[in-house]
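K.L.:
Structure in C-alpha cells, see below.
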Amino acid sequence: MQTVEALRAQIDTAESLHSVVKTMKALAAVSIRQLEGVVRSIDQYNRTIELGLQVVLRDRPEGVELVEPMLSDALGMVVLGSDQGMCGQFNEQIVSHAIDDMREVGVERGRRAILAVGARTVAQFENAGLAIDDLLAAPASVGSIALTVEQIALQIERWRTERGFDRIFLCYSRRVSPGRYRPVTHRLLPIDRYWLDRVRQRRWPTRVLPTFAMPWRPLFATLLQQHILVTISRAVVHAMMSEHTARLTSMQAAEKNIDERLDELQRRFRHTRQSAITAELLDIVAGFEALHIPHEP
C-alpha cells in the first residue's frame, strides 16, 4: 500500500497538470474567438474582390479567355498542419486526406510536389513513404499569418515558373461548427471557370453600375491574384481554428481524465490516512493497556 506522503505527492502533481490543462483550454478558446474575427474580415475583403471581378467580367473584351489551358498534368499540394502537439489526430487526419486525394487524382509521384506547413505533418508523410518538397512553419499567432501566406504564394509561383505546375491544391482542415472540423481540399489553380461565370451573373447590389478606366487585362489579373491570396489566407486561418478546436477537445478529455484520477487519488488518500490514524490509535491503546496490566507478586 502506498504511503500518505506518496499519495499526497501524486495529488499535487495531478492538480498541477489540471491547472496546465485549464490554461491551455482557455488559450485555445481565446485563439478561436480571435480567429473568428479574422475570418469575418477576410470574407468582407473577399466580397469586395468578387464585386470587382463582377464589374470586370461584365465588360470582358470579345474573344478573351478567362482561364488559361493546362499544359501539364503536374500537381502541387499545399498541406496545412501544425507545429504544436496535444491536438489529437489533427495532423494524421489532414495528411491522410491529402494522400487519398493525390491518389484519386492519379498523378504519378514524379509529377507531384508537396508543400507541408507544420512540422508535425512531416513524420506522417514519411510513414506513408512520401517526401515533401518544402516545409514551412505554421503560423503561431494572428500576426504571423501574413508571412505564412506570402511564403505559400512564393512557393506556388516557383512551382509554376520553374517546374510548369498548372494545378495547385490546398488541403486543410475547415472548422464547420464550434466543436467540429473536417479535412477539405480546394483547387486553387486553375481558377474555376464556372465560379467566374457565377460571379459574373450575380445581381448587382445597388442601382448604380460602376465602371473602370484602367486596361482590362492587368485589372483582371490583379483581381485574380488578390482572390488567390484571400483563398490562401482563409485556408490558413481555418487550419489554425481547426487546430485550436482539436486541442480544446483534447484538453477537455484530458481534464475529465484528470478529474477522475484526482477523485480516485483523494479517495485513496483519505482511506490511507484514516488507516494510518487508526493504526496509531491502536498502538497507543495497546501501549496504554500494557502499562496498566497488574504485575503478579
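Read the figures in this text as sums done on the coordinates, not as results from a lab. Model, not experiment: these values are computed from the prediction. Virtual Cβ from ideal backbone geometry, glycine too; neighbours counted across all protein chains shown.
K.L.:
Work out the length of the dipole vector of region 20-138 about its Cα centre, built from +1 on the beta-carbon of each Lys and Arg and -1 on the beta-carbon of each Asp and Glu, and round it to the nearest 20 debye.
P.N.:
Working: 12 positive and 17 negative charges, 134 e Å.
With Lys and Arg at +1 and Asp and Glu at -1, about 640 debye.
K.L.:
Still on this model: Suppose only helical runs count, i.e. DSSP H with n ≥ 4. What mean residue ellipticity at 222 nm does that imply for the chain under -39500 (n - 2.57) per run, divided by all residues and rounded to the nearest 500 deg cm²/dmol? Present the calculation step by step, with values, prior to reporting the outcome.
P.N.:
Details: 6 runs with 181 residues, N = 297.
Helices in the chain give a 222 nm mean residue ellipticity of -22000 deg cm²/dmol.
K.L.:
Moving to a separate point now. Label-point separation (nm) for E104 and Q252, each offset 7 Å from Cα along Cα-to-Cβ?
P.N.:
2.8 nm
K.L.:
Which residues make up the longest stretch of the chain clear of GluC sites (Glu not before Pro) that lie in a DSSP loop with no more than 15 other Cβ atoms within 10 Å, not counting the sites?
P.N.:
Details: sites that count: E62, E65, E108.
Formally, the longest exposed-site-free interval is 109-297.
K.L.:
Expressed as an acute angle from 0 to 90° and rounded to the nearest 10, what is the orientation of the C-alpha long axis of helix 145-163 relative to the principal long axis of the chain?
P.N.:
50 degrees
K.L.:
Please compute the alpha carbon radius of gyration of the chain, then divide it by the globular-protein estimate 2.2 N^0.38 Å. Two decimals is fine.
P.N.:
Working: Rg = 30.4 Å, N = 297, 2.2 N^0.38 = 19.1 Å.
Against the compact-globule rule of thumb, the ratio is 1.59.
K.L.:
Follow-up question, since we're still on this one. So if R0 is 51 Å, what FRET efficiency would R8 and Q44 give, r being the distance between their Cβ atoms, rounded to the nearest 0.05?
P.N.:
Working: r = 55 Å, r/R0 = 1.08.
Given R0 = 51 Å and the Cβ-Cβ separation, E is 0.40.
K.L.:
Same structure again: I need the phi-derived Karplus couplings for region 169-179: 6.51 cos²θ - 1.76 cosθ + 1.60, θ = phi - 60°, integer Hz, Gly and Pro marked x.
P.N.:
In residue order, the calculated couplings are 10, 10, 10, 8, 9, 10, 6, 10, 6, x, x Hz.
K.L.:
So what's the angle, to the nearest 10 degrees on a 0 to 90 scale, between helix 90-105 and the longest Cα principal axis of the chain?
P.N.:
That works out to roughly 30 degrees.
K.L.:
Moving to a separate point now. Residues with amide H under 5 Å of S82's amide H, sequence separation 5 or more or different chain, H placed in the peptide plane at 1.01 Å from N; which?
P.N.:
R120, T121
K.L.:
Here's something else I'd like to know. For the chain, set up a GNM with springs between Cα atoms under 10 Å and report which of M240, M77, M24 has the largest fluctuation.
P.N.:
In the Gaussian network model the winner is M24.
K.L.:
Could you put I132, I152 in order, starting from the residue whose Cβ has the fewest other Cβ atoms within 10 Å? Don't jump to the answer; show the numbers that get you there.
P.N.:
Values: I132 15, I152 25.
In order of increasing Cβ crowding within 10 Å: I132, I152.
K.L.:
From the phi angles alone, apply the Karplus equation (6.51, -1.76, 1.60; θ = phi - 60°) to region 30-38 and give each ³J(HN,Hα) in whole Hz, x where the residue is Gly or Pro.
P.N.:
Using θ = phi - 60°, the values come out as 5, 4, 4, 4, 5, 5, 4, x, 5 Hz.
K.L.:
Specify the angular offset, from 0 to 90 degrees and rounded to the nearest 10, of the alpha carbon long axis of helix 216-291 from the longest principal axis of the alpha carbons in the chain.
P.N.:
The answer is roughly 0 degrees.
K.L.:
Compute, for the chain, the length of the dipole vector about the Cα centre, with Cβ point charges of +1 (Lys, Arg) and -1 (Asp, Glu) only. Units Debye, rounded to 20.
P.N.:
Working: 37 positive and 36 negative charges, 343 e Å.
Here the size comes out at about 1640 debye.
K.L.:
Given a 10 angstrom Cα cut-off, can you work out which residue in P183, P215, P139 is the most mobile in a GNM of the chain?
P.N.:
Largest GNM mean-square fluctuation: P215.
K.L.:
Sticking with the crude label model, points 7 Å out along Cα→Cβ, report the distance from D133 to A26 in nm, one decimal please.
P.N.:
Label at D133, label at A26, 4.4 nm between them.
K.L.:
Hey, another quick one. Output ³J(HN,Hα) for region 12-25: one whole-Hz value per residue in order, computed from phi by the Karplus curve 6.51 cos²θ - 1.76 cosθ + 1.60 with θ = phi - 60°, and x for Gly and Pro.
P.N.:
Each residue's phi maps through the Karplus curve to give 4, 5, 5, 5, 5, 5, 4, 5, 5, 4, 5, 5, 5, 4 Hz.
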